[in-house]
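Structure first, then comments.
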Amino acid sequence: MNKKTKAEKVILILKDIYGEPVPTLNYENEFELLIAVILSAQCTDKRVDIVTAELFKKYKTPKEFMEMDIKELEKIIHSTGFYKNKSKNIKKCAKMLVEKYDGIVPNNMDDLIKLPGVGRKTANVMLGHIFNIPGVVVDTHVKRLSNRIGLTKQQDPVKIEFELMKIIQKKDWFLYSNLLIYHGRAICTARNPKCDNCKIRVYCEYGRGIK
Ligand code: SF4
């Protein structure tokens, strides 16, 4: 079976199980989602939601984040890990939004990835959830599952993203990523994937013992 057909089958089955993607982080506008996604690096969504509930109560706009005391930001986001780097990036990102983009989160990849702390993964989450622009989000789950299923052999997220863009129909790029994230959390965990309970096993090289 070629990779395009395999990807289509996997999407169909997983869509049946998990449905259309919904954002897993709490936010009220695009700026809040951007901050939440930056905070979610190496951190659970649950923890990010706890932290942003406190953060967004006091600070809402890019200007307020630009002007807030970095020590206070570090204190609030401490439990998300890498808090020093994240604080620096959030402050710089807010400053750039205010000074270059009139406080508005840009709606395209080229401008999004110029923002400090924003890589292609974060940009694709923003494009998919906020602007309805398809993109393949390659996080740790998408990387692991795409390799196990046999849709790529690449390890570099950007190479994986571009390879998957050739295999998967554009309309399904964002859907595919989200379905794999759900499946990676529920069944195809990093350690001890539950292959016996996996509905896509028949299409998976790892599950079928091919690799
Ligand atoms: S068969 Fe196993 S390795 Fe393959 S997707 Fe399912 S849980 Fe993951």
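A compact table of results
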{"quantity": "Test for residue 167: is it modelled with pLDDT of 95 or more, more than 9 Å from the ligand (Cβ to nearest atom), in the same structural domain as residue 146 (by TED's automatic domain parsing) and under 14 Å from residue 9 (Cα atoms)", "calculated": "yes"}
{"quantity": "Those residues of region 192-209 which are open to solvent by less than 60 Å² (accessible area, probe 1.4 Å), within 6 Å of the ligand (Cβ to nearest atom) and assigned to a loop (DSSP other than H, G, I, E, B), in sequence order", "calculated": "193, 198, 200, 204, 207"}
{"quantity": "Any hit, region 127-138, residues being farther than 18 Å from residue 20 by Cβ and of a type in the set (A, V, I, L, M, F, W, C)", "calculated": "yes"}
{"quantity": "Check on residue 187, open to solvent by less than 20 Å² (accessible area, probe 1.4 Å), hydrophobic (A, V, I, L, M, F, W, C) and near the ligand (Cβ under 8 Å from one of its atoms)", "calculated": "no"}
{"quantity": "Given (1) surrounded by fewer than 17 Cβ atoms within 10 Å (Cβ to Cβ); (2) within 16 Å of the ligand (Cβ to nearest atom); (3) under 23 Å from residue 33 (Cβ atoms), number of the condition residue 132 does not satisfy", "calculated": "(2)"}
{"quantity": "Scan of region 142-172 for residues that are open to solvent by less than 30 Å² (accessible area, probe 1.4 Å) and under 17 Å from the mean Cα position of the chain (by Cα), ordered by number", "calculated": "142, 145, 146, 160, 161, 164, 172"}
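The values are calculated or read from the model by the stated rules, or taken from the named source; none is laboratory data. Values in this document were obtained by computation on a predicted structure and should not be read as measured data. FYI the Cβ positions are ideal-geometry reconstructions off the backbone, even for glycines, and counts take in every protein chain you see. Protein only, heavy atoms only, side chains kept; ligands, DNA and RNA dropped before computing areas. Shrake-Rupley method; radii C 1.70, N 1.55, O 1.52, S 1.80 Å.
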